[in-house]
1. Among 1, 127, rank each residue by its count of other Cβ atoms within 10 Å, from fewest to most, as a rough exposure measure.
2. Can you pull out the trypsin sites (Lys or Arg not before Pro) in the range 243-309 that DSSP calls coil and that have at most 12 other Cβ atoms within 10 Å?
3. In nm², what is the average projected area of the convex hull enclosing the Cα atoms of the chain?
4. Helix 145-192 versus the longest principal axis of the chain: what is the Cα-based angle in degrees, 0 to 90, to the nearest 10?
5. If we count other beta carbons within 10 Å of each Cβ, what is the order of 449, 33, fewest first?
6. Bin width 10 Å, origin at 0, all Cα-Cα pairs of the range 194-295: what percent of pairs per bin?
7. For a protection proxy built on the mean count of beta-carbon atoms within 10 angstrom, sort 141-154, 204-217 highest first, please.
8. Using the alpha-carbon centroid of each, what span in Å lies between the range 133-207 and the range 32-55?
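FYI, it's all coordinate maths here, none of it is from the lab. Since this is a predicted model, take the numbers as computed values, not measurements. When we count neighbours, we look across all protein chains shown, and the Cβ atoms used for this are built from the backbone with ideal geometry, even at glycine.
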Amino acid sequence: MNIHTKLTLRFSLITASILVLFSLAVYLFSANFRREEFYQRLESRALTTATLLVTVDEVDKNLLRIIDDNSVPALPDEQVLAYDSSNHLDYGNTDHPRRDYPPALLDRIRVAKKLYFDNGDYEELGMVYTARGQSYVLIASAFDRYGKSKLYNLRTVILVGLPMGIAIIVLAGRIFAKQVLAPLAKINDSVTNITAGNLDQRLNEGNQTDEIARLAMNFNLMLERLERAFEVQQSFVRDASHELRTPLAAMRSQLQVELGKVRSLQEYQAVLNSQLDDVESLSELTNGLLLLARSSMERQRLDFQSLRVDEVLFNAQEELARLKPDYNFQFDYGNMPENEADLTLLGNERLLSIAFINLMDNACKYSPDKTVHISLSVNNGSLEISFKDNGPGIPADKIERIFDPFYRVEHVKGKVKGHGIGLSLCKKIVELHDSRIIVQSTLGKGCVFKLLFAAQHIG
Ligand code: ADP
């Protein structure tokens, strides 16, 4: 069942129930009121008659009957009877009472003092009246023609009006549900038209305050994030293909030129060496891309273990030293934490090692002395590893961008080999380890890359 139907049904059900209950209450209240009012009138009629009968000696019973029948507030088909203590009908405003009142009933009235009872269409009141040492049982009965006809009228109005009212409620419910859901229907239409090709489209945010407007606003924020992510993805693919295509095109044209004529053995060797360089660079790039994809995985899917970070760092340094024998590594042990637990954290050894290698490699390759100064320390409970160099530094406005994939600062392009994915990989790895990377740079003097880990103390 769709929300429109559900809303209509619920609205109709609630409103119709209220209407039915209200009508019922009005009817019952009116019925009760009529009854009580009629009994009051019966009582006052009985009392008037009794007062005249008992207290005014001079009134002859026939005269009393005439007075009774003609008094203005007489009730339709009114009958007033007075029984004395020996159950003898002492007075009646009619010669033919509507029914017999057996002594048992009269006794019940004497016990109860006042009794109301129905006799078909007639309502009857029995009460005890005492005066001048005499006790009478008065029975007044009459037919409430006007009251009952009013009540009947009310019932007809309710029975005819109620279905009409319910029909109007259902109709109003449908319109109400349609109006309430109209903004959602609009959002639905707009969302249906948004595809990967037009992620720049936004939903109408209406008055920007109600719940539906907030839904549209949140949806727009999500679209913005999606659009940005999509752009990053697209530019990544574009940059990656560019990075792969350029060396491949260079290799192809070199091979075409070299194959144009027969060369000497030395020349072939030189070409093959140059090709090997290019292949190595390409394989470095593809490895980097693969790692970048792997580091984008969620943390749960990666193998995280308890690690001694100093050991990972020394192993990474040894690995890099083997690959680049001309690099110098200066360890500063001055602030090295003494407590082993301070150096323990939960992480992925291979990924951490790749991050360390990248930072040490950058420090060495961008500084003329090819030296990196490495230190390990604990500050305010967080483990800090810093890589400092004496290179050219990074312009302040470029520091944010160096973590973007394929971004390289202008002045290194063509001078130092690289693809611009090392730092973006580092950043991803660091984030996977719930840590931060901070860069401090002084142009012309060098820079420091600091990794801050919230150390995971074990035992
Ligand atoms: P790559 O080194 O392959 O170019 P990275 O992602 O590692 O790629 O670095 C991105 C850019 O940041 C580099 O191209 C360089 O311009 C700058 N950079 C990184 N490390 C340093 C450093 N230690 N000194 C100066 N510039 C650096």
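1. Final ranking by Cβ density, sparse to dense: 1, 127.
2. On the way: sites: 245, 252, 261, 263, 294, 299, 301, 308; in loops: 261, 263.
Within the range 243-309, the qualifying trypsin sites (Lys or Arg not before Pro) (loop, at most 12 other Cβ atoms within 10 Å) are 261.
3. Details: hull surface 188.0 nm².
So the Cα hull casts an average projection of 47.0 nm².
4. That helix lies at roughly 10 degrees to the long axis.
5. Ordered from fewest to most neighbouring Cβ atoms within 10 Å, 449, 33 come out as 33, 449.
6. 13, 25, 19, 16, 12, 9, 5, 2, 0
7. 141-154, 204-217
8. Taking the Cα centre of the range 32-55 as reference, the centre of the range 133-207 is 43 Å away.
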